[in-house]
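Here the structure comes first, spelled out in C-alpha cells, and everything after it is commentary.
The values are calculated or read from the model by the stated rules, or taken from the named source; none is laboratory data. Owing to the predicted nature of the structure, the values given are computational and were not obtained by experimental measurement. Because the Cβ atoms are built from the backbone with ideal geometry, glycine has one as well, and the counts that use them run over all protein chains shown. Calculation scope for accessible area: heavy atoms of the full protein, side chains included, ligands and nucleic acids excluded. Shrake-Rupley method; radii C 1.70, N 1.55, O 1.52, S 1.80 Å.
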Amino acid sequence: MKFFLDTADLNEIEEAASWGALAGVTTNPSLYARIGGKVADFENHIARICEVVDGPVSAESVAMTRDEIIADGIRLAAIAPNVVVKVPTMIEGLAATRALSERGIKVNMTLCFTVPQAILAARSGAAFISPFVGRFDDISEDGISQLYDVVQAIGNYDFGHDVEIIAASVRSANHVAQAALMGADIATVPFNVLKKCVEHPLTDRGLESFLADWEKVKNA
Ligand code: G3P
C-alpha cells in the first residue's frame with residue numbers, strides 16, 4: 001500500500017516528503033480553506049505541491065455540471081503532469097470523468113461510499129477511487145467494512161485500465177492497518193495520522209534502553 005498525504009499544507013507536505021515514503025498528495029476545498037487558501041492562488045498552490053511531491057497530486061473541481069467540471073479538469077491537469085483531477089461521485093461527475101479520461105487526464109473519484117458508486121466510477125474511466133472511511137463511521141456505519149467491499153468488488157473485474165483504490169477520510173493508524181490488510185492500493189492520511197503510523201511507545205522505550213545500554217558500553 002502506498003501512503004498519500006491528505007492535506008494542502010505545504011509545510012506538512014515538505015516534512016512528510018523528507019521522510020522518504022510519500023507517494024502522493026490529495027487535497028480538497030476544505031483542506032485548502034483550512035490553510036487560509038485564496039481562490040486566486042489555488043492553481044499556483046497546486047503547482048508548488050506538484051514540485052515537492054514525486055507522485056500524483058489530486059486537485060478538486062468544485063463545479064456541478066459536466067461541462068464546467070471538464071473545463072476545470074483540463075485547466076487543472078495543465079498545471080503539472082502529476083495533477084490528478086478530483087471529481088465527486090455524482091451523475092455529472094461520471095460524465096465528466098468519461099470525457100476527461102478519454103483525453104488522457106487522470107481522475108480521482110471522490111466522496112464514494114458504496115460498491116455501486118465505485119463500479120460506476122471505474123466504468124467511467126476513473127484511475128483512482130476514494131471510498132471515505134471516517135465519514136461512514138460518523139453516521140454509525142462501518143467504514144472499514146465498506147472499504148473492504150469496494151476493494152473486493154473492484155478486484156472482481158478488468159476495467160481495461162488501471163484502477164487504484166484510495167482509502168480516504170482516514171482518521172487513525174488502525175484505519176491504515178485495516179486498509180493495508182485488505183489490500184487497498186493507497187491510504188491518504190492527514191499529517192497527524194501519518195506521524196502516528198510511524199510512532200509506537202514500545203519503539204520509544206526500546207530506543208531509550210538501547211541508548212542507556214550503549215552509554216554503559218562506552219564507559220566500560
Ligand atoms: O480524503 C478525504 C478527506 O479529506 C476527508 O476526510 O476526515 O474530513 O472525513 P474527513
Query raised in the report: Quick check, is F136 more than 15 Å from T26 (Cα to Cα) and among the aromatic types (F, W, Y)?
Result: yes
**Report entry** Out of S145, S130, sole residue that is farther than 22 Å from A21 by Cβ and either in a helix (DSSP H, G or I) or among the small types (G, A, S) (or both)
**Finding:** S145
Query raised in the report: Yes or no: R98 part of a loop (DSSP other than H, G, I, E, B) and under 23 Å from P29 (Cα atoms)?
Result: no
Query raised in the report: So which of I166, I144, I129, I139 ends up being of a type in the set (A, V, I, L, M), free of Cβ contacts under 8 Å to residues at least 12 places away in the same chain and within 16 Å of the ligand (Cβ to nearest atom)?
Result: I139
Requested in this report: Tell me which residues, restricted to segment 152-172, are more than 15 Å from the chain's Cα centre (by Cα) and either open to solvent by less than 30 Å² (accessible area, probe 1.4 Å) or of a type outside the set (D, E, K, R) (or both).
Outcome: Q152, A153, I154, G155, N156, Y157, F159, G160, H161
Report summary line: For E43, the lone unmet condition from (1) within 13 Å of the ligand (Cβ to nearest atom); (2) in a helix (DSSP H, G or I); (3) not hydrophobic (A, V, I, L, M, F, W, C) is (1)
Query raised in the report: If you take the residues in segment 31-40 that are within 13 Å of the ligand (Cβ to nearest atom) and within 23 Å of K106 (Cβ to Cβ), which one is surrounded by the fewest Cβ atoms within 10 Å (Cβ to Cβ)?
Result: L31
Requested in this report: Kindly indicate the residue of segment 6-30 that is within 19 Å of D41 (Cα to Cα) and part of a loop (DSSP other than H, G, I, E, B) and also nearest to the ligand (Cβ to nearest atom) among those meeting that condition.
Outcome: N28
Query raised in the report: Name the residues in segment 46-68 that are open to solvent by less than 60 Å² (accessible area, probe 1.4 Å), within 16 Å of the ligand (Cβ to nearest atom) and not polar (S, T, N, Q), would you?
Result: I46, I49, V53, G55, P56, V57, A59, E60
Query raised in the report: If the Cβ limit is 6 Å and pairs must be 6+ apart or interchain, which residue in segment 172-201 that is away from the ligand (no atom under 16 Å from the Cβ) pairs with which residue that is aromatic (F, W, Y) and modelled with pLDDT under 95?
Result: none
Report summary line: Reported set for segment 88-113 where residues are more than 16 Å from the ligand (Cβ to nearest atom) and of a type in the set (S, T, N, Q) is T97, S101
Query raised in the report: Could you say which residue among A21, A80, A63, A40 is farther than 19 Å from C112 by Cα, free of Cβ contacts under 8 Å to residues at least 40 places away in the same chain, among the small types (G, A, S) and in contact with a helix residue (DSSP H, G or I) (Cβ under 7 Å, 6 or more places away or on another chain)?
Result: A80
Query raised in the report: Which ones in segment 46-76 are assigned to a helix (DSSP H, G or I) and not hydrophobic (A, V, I, L, M, F, W, C)?
Result: R48, E51, R66, D67, E68, D72, G73, R75
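I'm trying to understand the selection: among the residues of segment 127-140, which are of a type outside the set (G, A, S) and either in contact with a Cys (Cβ under 6 Å, 6 or more places away or on another chain) or open to solvent by 50 Å² or more (accessible area, probe 1.4 Å) (or both)?
I129, P131, R135, D137, D138, I139
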Query - Of residues in segment 104-126 being out of contact with any Ser or Thr (no Cβ under 7 Å at 6 or more places or on another chain) and assigned to a loop (DSSP other than H, G, I, E, B), the one surrounded by the fewest Cβ atoms within 10 Å (Cβ to Cβ) - result: G104
